[in-house]
Ligand SMILES: [Fe+2]
Ligand SMILES: [Fe+2]
């Protein structure tokens, strides 16, 4: 059973990798201001997730709860899968990557259970950050869906993204009701 510190540290490290990936896309597409701003916005929101998790970690440290078993479970297999996925994505963020390919990678990143892990950790800490984080996520994925709709000729990609938006929007509705 991993400790809360272990799960938080790992989640933060993976979120930083998402942030770095989107920041590298912002640089890759810097020639088009709209594209640059879109990717940079995605990177900034990952930075906010990192900040929220850091805050939770600090509060739990003060409360002496960081070394307790994590309230959110995390399988070794999941960790390995997420790490491998992220390592692979980093290698693909190179010059020559098309916008459609970049959008596809972003969707694959967002489809992993990483954001669910972030949400579960924030929820378990009873922090206001939970709802704020979900709201950001739904907004971001909505933008991703818009970009896919207008820049990728792939109805399947759009459908997957919309399904993801709906899933997180449903969680947000639940969070707002409680
Ligand atoms: Fe995130
Ligand atoms: Fe994300």
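Each reported figure results from applying straightforward, stated rules to the coordinates on display, with no laboratory input. Just so it is clear, the structure is predicted and the values come from calculations on it, not from any experiment. In this analysis, Cβ positions are derived from the backbone assuming ideal geometry, glycine residues included, and neighbour counts consider all displayed protein chains.
Worth a mention:
- Against the main long axis of the alpha-carbon atoms of the chain, helix 129-151 sits at an angle near 10°.
- Which of 132, 177 has the fewest Cβ neighbours within 10 Å, and the rest in rising order: 177, 132
- The range 58-178: C-alpha pair distances exceeding 26 Å, %: 32 percent
- Alpha-carbon Rg/Rh ratio, for the range 1-103, with Rh computed the Kirkwood way: 1.08
- Value at 222 nm in deg cm²/dmol, rounded to 500, when DSSP H runs of n ≥ 4 in the chain each add -39,500 (n - 2.57): -27500 deg cm²/dmol
- In degrees, nearest ten, helix 99-111 long axis to first principal axis of the chain (Cα): 20 degrees
- Gaussian network model of the chain, Cα within-10 Å springs - most flexible of 167, 135, 44: 167
- Principal-axis tilt of helix 4-28 within the chain, Cα atoms, nearest 10 degrees: 20 degrees
- Packing here is the average count of other Cβ atoms within 10 Å per residue, and on that basis the peptides 99-106, 81-88, highest first, run 99-106, 81-88.
- By other beta-carbon atoms within 10 Å, ranking 11, 4, 112 with the fewest at the front produces 112, 4, 11.
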